[in-house]
Amino acid sequence: MSCSGTIFGPGAKYIKVGNGEFVAIDGATIVDRLPVGVRMPYEQVIKGKITLAAGKVGYLLNFMGLGDNATFLAMTATYNAKSVNEEDNYITWSFYDDLTKQYPMAQMMCLTGNSTNRIKQLYLNNPSTKYSVVLDVMIAVIDDSNKYFNDFVNQGGTSFVNLSYTDIQSHIVGESIVVYDKNDPKRPLIYITLNNIASIELSGLILIVDDSSHGTIFLQFLTEYDVNQAYSLLNYLLENPGYQIPNPTPADTEPPVIYFYENVLGTTYSVLFNGVTYSSPNTGLVATQSDFFSATISLIASGVSNGTVIDKSQLRYLLIESADDNRDGVINVTDGNLLLSNYGATTSIDSITASGTYSLTFKLSDLAKNNLDNVTFNLNIT
């Protein structure tokens, strides 16, 4: 192998490749040499150029089309001239069968194998959120093998454990997020492109992310609080991809809000707020407040089944205009969110069939499991 040019460092001390050897330079002095007096046989060879866009994650090298067969890989990187901070000029790579381990590459790297121990497929990431990186790559195969690569490992799933919701940060705003480990300084565990997320499922302390690039990703969190906050955050990002996660990652602590009509729908009966006329519709209820509402409803005028029954569905129709959450947006209130009982009783009922006083409470949660459960609505049924 014969290359020329300086690849490590622009100053007086650097390492260069030339005349088949690595040469350590200090000013005008050659400090040491490492001869590369080896020959790597090949039957197939290909050279190409790859541009890793800023923030690109999960790029499958696939050995430039030579599939699952490479026995030689040499790669050099050229960084944008505007990227002047040395510590920013690197990419990361992982073997396909362990995406949890990411290895850095700055100027170059070389991997070799043989016919029985070939080079594993690589995934590449560009951590820079501002600048692309140009990679020059040479791939060779020792024989005429042409087996196609199928990533069955990552189709089976990639797992990360002992996470906190604060480990999730924006990478490229509007495009991708990064999950960090707990080291100091923190290191990225995985980059996830938002457009690649097909679904997110919550199961116990685990979020199951169906990703078109990585396959199934399992994110296991330390506590129920962490997994609920992460579930809420990721769903919000999918709906609002332009949102930049602040650092530190904020928690969602606000419960949903219910909006009541000013009057019982279709009647002149006012909805009373803490005993007085409710004159500010659509201001909502805050879960931390023990708000008290009341209203009079005519069974004959507002009931269903010829004025003989007022069930939970009818109460929703008569009283609730809408419900929403600061992060989750509009929330659909169902009969299951309403708890109805005779006033002062602890046993719930499904419907009202006689005049009297009844109590209506709510059990409404957002994705972060903030509960609206301390609001009481007393009903005077005539």
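The values are calculated or read from the model by the stated rules, or taken from the named source; none is laboratory data. Keep in mind that this is a model prediction, so the values were computed, not measured. Positions of Cβ are generated from backbone atoms using ideal geometry, with glycine treated the same way; all protein chains shown enter the neighbour counts.
Note on the range 163-215: enclosed strands (runs of 3 or more DSSP E) holding 1 or more residues that are over 17 Å from Val57 (Cβ atoms) and outside the structural domain of Asp98 (by TED's automatic domain parsing) are 197-203, 206-211. Condition check for Ile7 on (1) modelled with pLDDT of 85 or more; (2) part of a strand (DSSP E or B): one failure, at (1). When Ser159 is tested against (1) of a type outside the set (Val, Ile, Thr); (2) in a helix (DSSP H, G or I); (3) closer than 30 Å to Gly204 by Cβ, just one condition goes unmet, and that condition is (2). Just one of (1) free of Cβ contacts under 8 Å to residues at least 40 places away in the same chain; (2) among the hydrophobic types (A, V, I, L, M, F, W, C); (3) in a strand (DSSP E or B) fails for Leu379. It is (1). Residue by residue through the range 85-114, note down the ones that are β-branched (Val, Ile, Thr) and in contact with a Phe, Trp or Tyr (Cβ under 6 Å, 6 or more places away or on another chain). Within the range 85-114, Thr112 is the sole residue that qualifies. Residues of the range 182-201 that are over 22 Å from Ala54 (Cβ atoms) and surrounded by fewer than 16 Cβ atoms within 10 Å (Cβ to Cβ): Lys182, Asn183, Asp184, Ala198, Ser199, Glu201. Within the range 24-71, the set of residues being in a loop (DSSP other than H, G, I, E, B), over 30 Å from Val173 (Cβ atoms) and of a type in the set (Lys, Arg) comprises just one member, Arg39. Among (1) surrounded by 17 or more Cβ atoms within 10 Å (Cβ to Cβ); (2) within 30 Å of Ser164 (Cβ to Cβ); (3) among the basic types (Lys, Arg), where does Lys312 come up short? Looking at each condition in turn, Lys312 falls short on (2).
Kindly indicate whether Ser305 is surrounded by fewer than 13 Cβ atoms within 10 Å (Cβ to Cβ), modelled with pLDDT of 90 or more and either out of contact with any strand residue (DSSP E or B) (no Cβ under 8 Å at 6 or more places or on another chain) or within 30 Å of Asp226 (Cβ to Cβ) (or both). Yes, satisfied.
Scanning the range 192-202 for residues that are more than 19 Å from Asn162 (Cβ to Cβ) and not charged (D, E, K, R) yields Thr193, Leu194, Asn195, Asn196, Ile197, Ala198, Ser199, Ile200.
Checking each residue in the range 56-110 for being aliphatic (A, V, I, L, M), over 14 Å from Lys120 (Cα atoms), at pLDDT 90 or above and crowded, with 19+ Cβ neighbours inside 10 Å picks out Met75, Ala77, Ile91.
Just one residue in the set Ser341, Ser355, Ser348, Ser359 is surrounded by 15 or more Cβ atoms within 10 Å (Cβ to Cβ), modelled with pLDDT of 90 or more and at negative phi; that residue is Ser359. When you scan the range 80-87, do you find a residue that is among the polar types (S, T, N, Q), free of Cβ contacts under 8 Å to residues at least 60 places away in the same chain and within 24 Å of Thr112 (Cα to Cα), even just one? No.
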